[in-house]
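Each remark here refers to the structure printed beneath this line.
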Amino acid sequence: MTALAAASSLTSTGEAVQFWILGTVAVAGALCTILMRRAVHSALSLAGTMIVLAVFYLANGAYFLGVVQIVVYTGAIMMLFLFVVMLVGVTAADSLKETLKGQRWLAAGLGIGFGVLLIAGIGNASLKEFNGLGEANAGGNVQGLAALIFTKYVFAFEITGALLITAAVGAMVLTHRERTERARTQREQSEARVREGKQVPPLPAPGVYARHNAVDIPGLLPDGTTAELSVSPTLRERGQVRDVSGESLAELKALERRSEDWLGRSTGDEAAEPPPGGPAPREHKEGAKK
Amino acid sequence: MENLIALLVAAPLVGAALLLCGGKRLDRTGHLIGTLFSVASFALGVVLFADMLGKGAGDRALHQQLFTWIPVGGFRADIAFQLDQLSMTFVLLITGVGSLIHIYSIGYMEHDERRRRFFGYLNLFLAAMLLLVLADNYLLLYAGWEGVGLASYLLIGFWQHKPSAATAAKKAFLVNRVGDMGLSIAIMLMFTTFGTFAFGPVFAATDRAGQGTLTALGLLLLLGACGKSAQVPLQSWLGDAMEGPTPVSALIHAATMVTAGVYLITRSGAIFNAAPTAQLAVVVVGAVTLLFGAIVGCAKDDIKKALAGSTMSQIGYMILAAGLGPIGYAFAIMHLVTHGFFKAGLFLGAGSVMHGMNDEVDMRRYGGLRKYMPVTFITFGLGYLAIIGFPGLSGFFSKDKIIEAAFARGGTEGWILGGAALLGAAITAFYMTRVMLMTFFGEKRWDPAEVHPHESPKVMTLPMIVLAFGSVFAGGLFSINEAFVKWLEPVTSFAHGHSPVSATTVTAATMVVLVIGVGIAWGMYGRKPVPALAPRGSLLTRAARRDLLQDDFNHVVFVRGGQELTGTLVQLDRSVVDGAVNGTAAAMGGLSGLLRQLQTGFVRSYAVQMLGGAAVLVAATLLMRGV
Amino acid sequence: MNPVYYLYLAALLFTIGAAGVLIRRNAIVVFMCIELMLNACNLAFVTFSRMHGNLDGQIIAFFTMVVAAAEVVVGLAIIVSIFRTRHTASVDDASLMKL
């Protein structure tokens, strides 16, 4: 790889093997990017594809770009994507159902047609031989790039510098919101809450059982129904709320009884045990507090 | 000296500005201020005239350059004045007669509450007229020309509360516009042809222009002259313009405004001399108008309208003379000056009669007034004798020369023109005698219980007396040793015509037709009493009473024709132009409706279209490379 | 193996990215697909660079990365601000340009 012969027509077998394996991974990653329902999964797939591309860059003698690809793209840009997904994409599980009529067919047709055209174009070009970068990289890839960037492409370089600064400022302007009024004090907030008739006391706590993540289990109201407010709406959106069903409550009760039996603390108040249903949750709750 | 020329124009202009902007404070003194500025201008004119007389004939022309008005590329318009013998004649006539009419108006308009405004308009008129005759280029002349049009509009419609006066003013303005259009196009043509419109360079360059251009120029200038001077076919406004106060009729329609056309043709003599076709058109217009006006004058019972017909006829004489070229220019101007005297006198006399007769204008309700208004009678009578060409008076000298010059044109044309001029002289004698007899002789046809005829105040009779002197002596003075012709010769050039008939014969023939005309009039209106109600009259009389059907002609041809044309054009506009426009719009609308289907508002649809476009581009690139 | 296969791979990845732009509605995923297309182009540039034996292709790829970084920063900022006001990240909902 490092010392490619000039004007050869074939690469090493090692590179070929590497290409076919990693190429498959890259295509798979790309397909996953566009087919995964969740944006997070798409982002991760894309990151994988990009790492594969970084390896290809290295294989093609672009050592600097390979490293930049990993550091900038995979390390910075993709992480930025993940941040935004985190900010935005709580509900980001797309339904993959198409809403535009014929859009999917058009996309598929055009995509395939376009790909065929590109591949036909490449196939028709006379690209049987290649020069390799042995000579160009002789003084070191980074040194060679630097020589070009700061001489031949110095204006483009300066301008992209200006572009980057502009983009940074632009992003700040777009996302920054100027506070136009005084921040409300705690007192004003509480008064406003009372006035609007919203939830005045603190939100109810979730049912905590120390068996799971715990915050994903809603607390129970005195009548045995679940308190929706006790679980974060984000979790509910994601469908990650665990339901406290009657069965699991009964199971819990059985477990308690067994343990009491084992401890020999049976009280013989079986008859007083209430039927499963309404009051059970409260008991369960009390039990949980033990 | 030449620095005084601008003051000539400025004096009445300042007067007009003072009177029109001064407001009610000047109501009591306005007439005096107006008269003062007019007289000042006249005095200035006299000073300049005296100065001019002191110089040799060759270098009498003065020139004053005030400033460059519009300098744009090759276009250069100057505010510059030129005072030569021709302009001088007009200046003296305009300011002199104008001042007299100002003085007369002090008495005539005494009881009019808008007198200050009237004098402001009179001053404005004088200023515009002076600008017209003093300009040294056609553009400035045009400015004065339009100013005269504006002032005449304001003065004719001065009694705007009368619908007839307002209509007459509008009519005069509109008909004048037709002529103005001719003049303005002439100026444009002049600029494109010669690259300038200053008098000197244009006249010097006439030999460089083609015959067609010169003829077109001449005809366009003639159109302008016809509008201002009320010549056929643009004569219809003059009769109605008598709706204005009588001093206005005297000033505008006798002495000054209507002479602007004669001035224009005489001033543009160099162009007309080089364009025989245009000259022929000028003499034809003059001859037709002099008969037309005379016939109309015979049938009118309204004293002012009879005089208006006479004015039209006399201007026709001048235009005829001006169209004869160098043999006629001087006589045209001479007749213009003498006519300025006697026609102004006649109009002022008519105003005086009306003043004494409770503003009655119908001559059939006059009669026997000579005893009640002796001064008016004498001055009017002298004007009458002058206009019919009584030997020794002004009109005799000037009109006789014109008739002689008409014969001198030579050939059949000369005989026809001379005959027409002679016939005109006979008709003039007839209708003026008719006016005279119906007004001052015969039995009273008015009710002594209602009307108390009386002589007008001194302030009115004085100008009439002065004008009567002019009517009597001006022609004779001008003819001593051909003084007037020699005076004008450096400007207009002069050639003695060679008439196929001798001057004595012409004079004798004029005398004969004069006697015939007066005799017929005496037979019809002097021997037998005049009926107080107009008889039905012959077909010609009835036509003449309706101004020889000029308004009917205009109505049928231009008004109806214009309406028809407009209607057709509107129809055409609706069906063809609007059809095309609306059709295009509808087609585009339909197409847009179809294209709108593509605009779903969904970014992804657009992305599909973009990808399609990219695919087409790639395919095209590959095809172009011969894949 | 001839390096031209890298070009085929680049074309394939580009097409997949384009199809993703067309079928996905989540603006973030659409953005990722655009990044995928840019990366495919970069791979093509790097390969060209190798085939021609000079570094210009790599320079272009480098600039593409810089511009892509700028683009991502602004684009994501736009997505965040749109999400703040409209509470959705779906590109189909931003169809205000429709009559």
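Quick note: the coordinates plus some simple rules give every number you see, no bench work behind them. The structure presented is a predicted model; accordingly, all values stated were derived computationally and were not measured. As a convention, Cβ positions derive from the backbone with ideal geometry for all residues, glycine included, and neighbour counts pool all protein chains shown.
The table for this structure:
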quantity	calculated
Separation in nanometres of the label points that stand 7 Å from Cα toward Cβ, at A:THR99 and B:SER538	10.0 nm
In nm, spacing of pseudo-spin labels at B:CYS21 and A:LEU80 (7 Å Cα→C-beta vector)	7.1 nm
Proxy reagent accessibility, fewest Cβ within 10 Å first, across B:MET129, C:MET65, B:MET438	C:MET65, B:MET438, B:MET129
Cα-based Rg and Dmax for segment B:39-84, where Dmax is the largest Cα-Cα distance (Å)	14.4, 41
Degrees separating the helix B:5-21 axis from the principal Cα axis of chain B, which is the longest one	80 degrees
Amide hydrogen neighbours beyond the local backbone of B:PHE441, cut-off 5 Å, H modeled	B:GLY368, B:LEU369
R0 of 60 Å, Cβ-Cβ distance A:GLU260-A:THR175: FRET efficiency to nearest 0.05	0.55
Among the listed pairs B:LYS228/B:LYS305; B:LYS55/B:LYS401; B:LYS304/B:LYS401; B:LYS401/B:LYS486; B:LYS228/B:LYS486, those beyond 20 Å (Cα-Cα)	B:LYS55/B:LYS401; B:LYS304/B:LYS401; B:LYS228/B:LYS486
For chain B, calculated [θ]222 nm from helices alone, where every DSSP H run of n ≥ 4 adds -39500 (n - 2.57)	-23000 deg cm²/dmol
Degrees, to the nearest 10: B:561-572 long Cα axis against longest axis of chain B	10 degrees
Stretch gain in nm, segment B:HIS161-B:VAL559, where the contour uses 0.36 nm per residue and the Cα spacing is subtracted	140.7 nm
Histogram of C-alpha separations across segment A:110-245, 5 Å bin width, %	2, 7, 7, 7, 6, 7, 9, 8, 6, 6, 7, 9, 9, 6, 4, 1, 0
Stretch gain in nm, segment B:SER575-B:LEU462, where the contour uses 0.36 nm per residue and the Cα spacing is subtracted	34.0 nm
Dimensionless Rg/Rh of chain B - Kirkwood Rh, Rg from C-alpha atoms	1.14
Two-decimal Rg to Rh for segment B:494-536 - Kirkwood Rh, Cα set	1.32
Mean Cα-pair separation over length for chain C, i.e. relative contact order, pairs under 8 Å, 6 or more apart, %	28 percent
Residues of type lysines that B:LYS24 reaches as a straight line, Cα spacing below 29 Å, ignoring anything fewer than 8 places off in the same chain	B:LYS162, B:LYS170, B:LYS458
Fewest-first ranking of B:SER479, B:SER471, B:SER575, B:SER268, using other Cβ atoms within 10 Å as the exposure measure	B:SER575, B:SER479, B:SER268, B:SER471
FRET efficiency for B:SER592 and B:ALA614, using Cβ-Cβ distance with R0 set to 35 Å, rounded to 0.05	0.85
Taking the C-alpha atoms of segment C:25-86, convex hull volume expressed per residue in Å³	45 Å³
Net +/- balance of residues flanking B:ALA6 in space, Cβ distance below 13 Å, scoring K and R +1, D and E -1	-3
FRET efficiency, 1/(1 + (r/R0)^6) with R0 25 Å, evaluated for A:LEU221 and A:SER190 via beta carbons	0.55
0 to 90° range, to nearest 10: angle between helix B:211-229 axis and chain B longest Cα axis	60 degrees
Reachable lysines, given that their alpha-carbon falls under 27 Å from the alpha-carbon of A:LYS253 and they are not under 8 places away in the same chain	A:LYS285, A:LYS289, A:LYS290
Order of B:MET190, A:MET78 - criterion: other Cβ atoms within 10 Å of each residue's Cβ, fewest first	A:MET78, B:MET190
Loop sites in segment A:156-202: GluC sites (Glu not before Pro), DSSP, at most 10 other Cβ within 10 Å	A:GLU178, A:GLU181
Size of charge dipole - the protein assembly as shown - debye, nearest 20, with Cβ of Lys, Arg +1 and Asp, Glu -1, no other charges	1600 debye
Rg to Rh quotient for segment B:220-353, alpha carbon positions, Kirkwood Rh	0.97
Within-12-Å neighbourhood charge of B:LEU66 [Cβ basis; K, R +1; D, E -1]	-3
Radius, Kirkwood style, for segment A:149-207 when every pair of distinct Cα atoms is counted (Å)	16.6 Å
For the protein assembly as shown, the spread of Cα positions along each principal axis, largest first, Å	166, 88, 55
Over segment B:119-263: Kirkwood hydrodynamic radius from C-alpha pairwise inverse distances, Å	15.5 Å
Charge context of B:MET363, other residues only, Cβ under 11 angstrom, K/R +1, D/E -1	+3
